[in-house]
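S.K.: Take this structure, written in structure tokens, and hold onto it; I'll ask about it next.
The values are calculated or read from the model by the stated rules, or taken from the named source; none is laboratory data. Only a predicted model underlies this, so the values are computations on that prediction, with no experimental measurement involved. Positions of Cβ are backbone-derived with ideal geometry, glycine not excepted, and every protein chain shown enters the neighbour counts.
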Amino acid sequence: MAVTTADTRSARAEATTHAVEIIGVGKSFGPVRALDHVDLHLDDGEFLAVLGPSGCGKTTLLRCLAGFERIDEGRLAVHGRAVALPGIHLPPHRRQVAVVPQEGALFPHLSVADNIEFGLPRRSPRAQRARRVAECLELVGLSGLGERMPHELSGGQQQRVALARALAPRPPLVLLDEPFSALDASLRVELRRDVRDALHADGATAILVTHDQGEALSMADQVAVMREGRVHQVGTPEEVYAAPVDAWVASFVGEADLFPLPSVTGAGQHDDALVDIPLGRVEVVGDRDEATHVLVRPEQVVLSEHGRPAQVRTVDFHGHDALVTLVLDDGTLVHSRSGAHPPAVGSHVGLRVQGVCRVVPGGLPGPSPTADPGAAR
């Protein structure tokens, strides 16, 4: 059967419709511009982390998506349906958007099962609701705990119940507002993995708001880095970490040493792919036209018997590895990520750079290697 023009247009429109569309969204609180022409989109089943420092606008974006705040300009749409435009504001209860808050916010007088069932439509048969509750408990690893009361659960278990409650009605969008901030470090790591797996297993489309780089990089399919109300970069965790768009993103997403990029002038200079920095000659990739800095990650700085001489200034030990701060002979501070047995403070080592480094534009100000005030002149 031939496909008509109308059918073709409809098919194309359906193919280009994203699960979530954030188009040119702006929001101000008096003179403060909280969101400045934010553009983002998610496909079905995708998990996006919105990462940024405090005050960057990420929580305002989440509140606008949930319907708790009105936007001033732009468009918000969920599954092709506009939920917010200037002058049009669909209230939260009509958006079918689920929110997992920072501390769960469970109903203390309801059992775990009743908390999860609360969001399910009452017109559904009771047996069907019970099956969905059991499915959600299994998704979050709490099978058999449906009769418990919230006060009988640990903090991590309460967050799992909050996630199960959000997933129960199969909403088109799940919003997670820094849901692990109140938990201890070891529990956060375990819960991140389990929450990510549960969201993927249920096919949920989700947005996580966080200021924790490790959280964003380890959980999300895509990461959007925000600063001062704007999205500066969107990409996979690997892209954002390995190929930051500027010096600020490089320094915010993980530890980074940024060295001024030397200019290459005159005939007979070495290959443009090789540049000299305080750590020696390194191979670089990236657009040299606007680049101002060479990015070196701590894991690229290898401690060895040979290489540029340096002295260990501090060691931040993390158990499985350590972040070592060293000072070169010229007073430049650099960082190296060592194994579980770092060198002693005050010891002398050699340093060399392993792998290819990326050049980045200055962009917004970011930290650069600085002279150690205690180094000999």
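S.K.: Counting only residues that are under 20 Å from R170 (Cα atoms) and under 22 Å from the mean Cα position of the chain (by Cα), how many does the range 78-116 have?
M.R.: Matching residues across the range 78-116 total 7.
S.K.: I need the full set of residues from the range 188-209 which are out of contact with any strand residue (DSSP E or B) (no Cβ under 6 Å at 6 or more places or on another chain), within 18 Å of L42 (Cβ to Cβ) and not aliphatic (A, V, I, L, M), in order please.
M.R.: R196, H200, D202, G203
S.K.: Moving to a separate point now. How many residues are on the phi > 0 side of the Ramachandran plot and among the aliphatic types (A, V, I, L, M) when one looks only at the range 192-243?
M.R.: 0
S.K.: Only one residue in A19, A2, A98 is loosely packed, with under 12 Cβ neighbours inside 10 Å, modelled with pLDDT under 95 and small (G, A, S), so which one is that?
M.R.: Exactly one residue qualifies, and that residue is A2.
S.K.: Could you list all residues from the range 23-54 that are small (G, A, S), touching a residue at least 24 places away in the same chain (Cβ under 8 Å), surrounded by fewer than 19 Cβ atoms within 10 Å (Cβ to Cβ) and part of a loop (DSSP other than H, G, I, E, B)?
M.R.: Listed by number, the residues that qualify are G45, S54.
S.K.: Condition (residue is crowded, with 17+ Cβ neighbours inside 10 Å, modelled with pLDDT under 85 and not β-branched (V, I, T)) applied to the range 314-321: is it met by at least one residue?
M.R.: Scanning the range 314-321 turns up no residue that is crowded, with 17+ Cβ neighbours inside 10 Å, modelled with pLDDT under 85 and not β-branched (V, I, T).
S.K.: Moving on. Might you let me know whether the range 267-285 holds any residue that is part of a strand (DSSP E or B), of a type in the set (D, E) and surrounded by fewer than 17 Cβ atoms within 10 Å (Cβ to Cβ)?
M.R.: yes
S.K.: Could you tell me how many of the residues in the range 55-70 are in contact with a strand residue (DSSP E or B) (Cβ under 8 Å, 6 or more places away or on another chain) and not in a helix (DSSP H, G or I)?
M.R.: The total comes to 5.
S.K.: How many residues does the range 70-83 contain that are crowded, with 19+ Cβ neighbours inside 10 Å and farther than 15 Å from A98 by Cα?
M.R.: Summing the residues that are crowded, with 19+ Cβ neighbours inside 10 Å and farther than 15 Å from A98 by Cα in the range 70-83 gives 3.
S.K.: Quick one: which strands (runs of 3 or more DSSP E) lie wholly within the range 149-246 and hold at least 1 residues that are surrounded by fewer than 21 Cβ atoms within 10 Å (Cβ to Cβ) and without any contact (Cβ under 8 Å) to a residue 60 or more places away in the chain?
M.R.: Correct list: 230-235.
S.K.: Answer yes or no as to whether S111 is modelled with pLDDT of 90 or more, hydroxyl-bearing (S, T, Y) and under 21 Å from R193 (Cβ atoms).
M.R.: Taking the combined requirement at face value, the residue does not satisfy it.
S.K.: Now a separate question. Is it fair to say L167 is at pLDDT 90 or above, under 23 Å from R131 (Cα atoms), in contact with an Asp or Glu (Cβ under 6 Å, 6 or more places away or on another chain) and assigned by TED's automatic domain parsing to the domain that holds L110?
M.R.: Judged against the criteria, L167 is a match.
S.K.: Within the range 215-237, is even one residue at pLDDT below 95, polar (S, T, N, Q), in contact with a strand residue (DSSP E or B) (Cβ under 7 Å, 6 or more places away or on another chain) and assigned by TED's automatic domain parsing to the domain that holds L65?
M.R.: no
S.K.: Looking only at residues that are of a type in the set (S, T, Y), part of a loop (DSSP other than H, G, I, E, B) and closer than 15 Å to T314 by Cβ in the range 330-371, which one is modelled with the highest pLDDT?
M.R.: So, considering only residues that are of a type in the set (S, T, Y), part of a loop (DSSP other than H, G, I, E, B) and closer than 15 Å to T314 by Cβ, the one modelled with the highest pLDDT is S347.
S.K.: So, one more: What is the residue count in the range 117-130 for residues that are surrounded by 17 or more Cβ atoms within 10 Å (Cβ to Cβ) and either over 33 Å from the mean Cα position of the chain (by Cα) or aliphatic (A, V, I, L, M) (or both)?
M.R.: Matching residues across the range 117-130 total 2.
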